[in-house]
Amino acid sequence: QVQVVESGGGLMQPGGSRSLSCTSSGNMFRTYHMGWYRQALGKQREMVAAISGDGHTNYADSVKGRFTISRDNAKNTAYLQMNNLKPEDTGVYYCNARTPNGEYWGQGTQVTVSA
């Protein structure tokens with residue numbers, strides 16, 4: 001069983017920045033495909049950004065140029081740097097770890113962008 005824990009959410013103003021962290025258990029983190037997803041109230045969960053074990057990244061069109069996903073394999077942690085935040089970025093952000101033994105989700109962290 002892999003544990004996934006997100007942190008870093010909060011209330012931000014439009015135009016602000018925030019970094020989310022996702023720490024995963026397991027001794028094969030470097031092989032995990034890590035992803036950040038978000039779910040706004042009343043909407044389906046959507047992929048925001050993902051990074052493979054060898055560092056390849058992809059992003060939703062809505063966050064390209066504003067969000068950056070990265071990972072530190074020594075710390076078993078993935079990050080999501082969010083810049084120029086917009087109200088439409090509001091939602092619960094979930095971290096996903098795709099491992100050889102299955103897929104695991106964190107509990108989510110709330111991100112609210114409001115003036």
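Mind listing the phi-derived Karplus ³J(HN,Hα) values for region 32-40, rounded to whole Hz, using 6.51, -1.76 and 1.60 with θ = phi - 60°, and x for any glycine or proline?
Those phi angles translate into 6, 8, 9, x, 10, 10, 9, 9, 7 Hz.
Starting from the exponent 0.38 and prefactor 2.2 Å, build the expected Rg for the chain from its residue count and divide its actual Cα Rg by it.
Here the Cα radius of gyration is 1.00 times the empirical estimate.
Residues of region 93-109 with backbone nitrogen within less than 18 Å of a virtual label 7 Å along the Cα-to-Cβ line of HIS33, please, listed as ranges.
94-106
Would you kindly derive the ³J(HN,Hα) couplings of region 77-84 from the backbone phi angles with the Karplus curve 6.51 cos²θ - 1.76 cosθ + 1.60 (θ = phi - 60°), listing them in order in whole Hz, with x for Gly and Pro?
Going residue by residue, I get 9, 10, 10, 10, 8, 10, 10, 6 Hz, with x marking Gly and Pro.
Solvent-accessible area per residue for the chain at a 1.4 Å probe radius, Å²?
On a per-residue basis, the chain sits at 53 Å².
Give, as a single signed number, the net charge of other residues whose beta carbon lies under 11 Å from the beta carbon of SER62, with Lys and Arg counted +1 and Asp and Glu -1.
In short, 0.
If you plug each phi of region 12-22 into the Karplus form 6.51 cos²θ - 1.76 cosθ + 1.60 with θ = phi - 60°, what whole-Hz ³J(HN,Hα) values come out, in order, with x for Gly and Pro?
Whole-Hz 3J(HN,Hα) from phi for region 12-22: 10, 8, x, x, x, 10, 7, 10, 9, 10, 9.
Roughly to the nearest percent, how much of the accessible area of the chain is carbon and sulfur, given a 1.4 Å probe?
46
The values are calculated or read from the model by the stated rules, or taken from the named source; none is laboratory data. Here the structure is a predicted model, which means the values were calculated and not measured. Backbone-built Cβ (ideal geometry, glycine too); neighbour counts: all protein chains shown. Only protein heavy atoms, including side chains, enter the accessible area calculation; ligands, DNA and RNA are left aside. Shrake-Rupley method; radii C 1.70, N 1.55, O 1.52, S 1.80 Å.
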